[in-house]
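First comes the structure, then the notes that go with it.
The values are calculated or read from the model by the stated rules, or taken from the named source; none is laboratory data. Source: prediction; values computed, not measured. No Cβ is skipped: glycine too gets one built from the backbone with ideal geometry, and neighbour counts run over all protein chains shown. Please note that ligands, DNA and RNA were not included when accessible areas were found on the heavy atoms of the full protein model with its side chains. Shrake-Rupley method; radii C 1.70, N 1.55, O 1.52, S 1.80 Å.
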Amino acid sequence: MQTKRTIFPNKVLPYLLLVPQLAVTLVFFIWPALQAVKSSFEREDPFGFKTTFVWFENYRRLFADPNYLGSLSKTAVFATSVTLLAMSVSLLLAVAVSRVLRTNRLYTTLLVWPYAVAPVVVGVLWWFMFNPTIGIAPYILRGFGVDWNHRVDGVDAMLLVVMAASWKQISYNFLFFVAGLQSIPQSLIEAAAIDGAGPFKRFWTIVLPLLSPTTFFLLIININYAMFDTFGIIDATTQGGPAQATNVLVYKVYSDGFLGLNIGSSSAQSVILMIVVIALTAVQFRYVERRVQY
């Protein structure tokens, strides 16, 4: 059987079609990254009048700063919590929706809506809900004997940003999990049911292994989301407080660079953050992907 092939006689056209995307990548991604690497080896005065090349002094000071080392540990806790919570809840919702036959489109639409909300709006929404003075959530929690106040309690503040960031990402994960569940042949599940496998065993031995490519993809996306895209949520809810309890790396880059006017240290932090994310992604592709069943 012969397949039809599309041939473009103009050899220049494919490159012209790539130019807009390459230009956007160069201007908004590659060039700022190179500028950050360059600034990480410099020390600049707050007014930008004088720049001194200091080699690795900015990096040395960072790893000698207990606040930065604490921010590293807080980022690890935050990213792990957001990834696990967002993926587990979205998988649970996807499985529940896949069992609904008539109204699954309505449920899907309702669950997808939060993804369209801007991160800052998400932060403001959760700030109002959990505000110790006017929020409905602390009022309900006080009825159970829980004194919620994320303004003074670092644990409450970390819980707040984790819940807000996870809620924002659940819709994205939900879409991919639903698509993955719909691609699983029902004949396999029905055959397992005939053999006497219960719902949990069918999910654990058939559904979950066949979802491994989707799960692996979402694992990488969620870690990158927690590392980079949660700045707006943290800024609108806790602003890194109290006592830097939620001052994760992405927010510390902003606070040191734009509020503290320490451009060299901020650039060094952004370079380290980029290296950490690249290393985590490489480790996942090297070791975690082995368990993926394509």
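When you go through (1) touching a residue at least 60 places away in the same chain (Cβ under 8 Å); (2) in contact with a helix residue (DSSP H, G or I) (Cβ under 8 Å, 6 or more places away or on another chain); (3) farther than 21 Å from Ala76 by Cα; (4) not aromatic (Phe, Trp, Tyr) one by one for Met163, which number turns out not to apply?
(3)
For residues in region 142-164 being out of contact with any Leu (no Cβ under 9 Å at 6 or more places or on another chain) and open to solvent by less than 50 Å² (accessible area, probe 1.4 Å), which is farthest from Ser88 (Cα to Cα)?
Filtering region 142-164 for residues that are out of contact with any Leu (no Cβ under 9 Å at 6 or more places or on another chain) and open to solvent by less than 50 Å² (accessible area, probe 1.4 Å), the one farthest from Ser88 (Cα to Cα) comes out as Asn149.
Touching a Leu at 6+ places or on another chain (Cβ under 7 Å) and open to solvent by 20 Å² or more (accessible area, probe 1.4 Å): is that true of Phe130 in this structure?
Details: touching a Leu at 6+ places or on another chain (Cβ under 7 Å): yes; open to solvent by 20 Å² or more (accessible area, probe 1.4 Å): yes.
In short, yes.
Please find, within region 239-294, the residue that is nearest to the chain's Cα centre (by Cα) out of those that are polar (S, T, N, Q) and open to solvent by 20 Å² or more (accessible area, probe 1.4 Å).
Thr281
State the number of residues belonging to region 27-59 that are among the hydrophobic types (A, V, I, L, M, F, W, C), open to solvent by 50 Å² or more (accessible area, probe 1.4 Å) and touching a residue at least 12 places away in the same chain (Cβ under 8 Å).
4
Out of the residues in region 71-107 that are modelled with pLDDT of 90 or more and either acidic (Asp, Glu) or loosely packed, with under 15 Cβ neighbours inside 10 Å (or both), state the one that is farthest from Gln284 (Cα to Cα).
Only one residue fits best here, namely Leu92.
Which ones in region 185-236 are among the hydroxyl-bearing types (Ser, Thr, Tyr) and either more than 28 Å from the chain's Cα centre (by Cα) or over 16 Å from Leu249 (Cα atoms) (or both)?
Those that are among the hydroxyl-bearing types (Ser, Thr, Tyr) and either more than 28 Å from the chain's Cα centre (by Cα) or over 16 Å from Leu249 (Cα atoms) (or both): Ser187, Thr205, Ser212, Thr214, Thr215.
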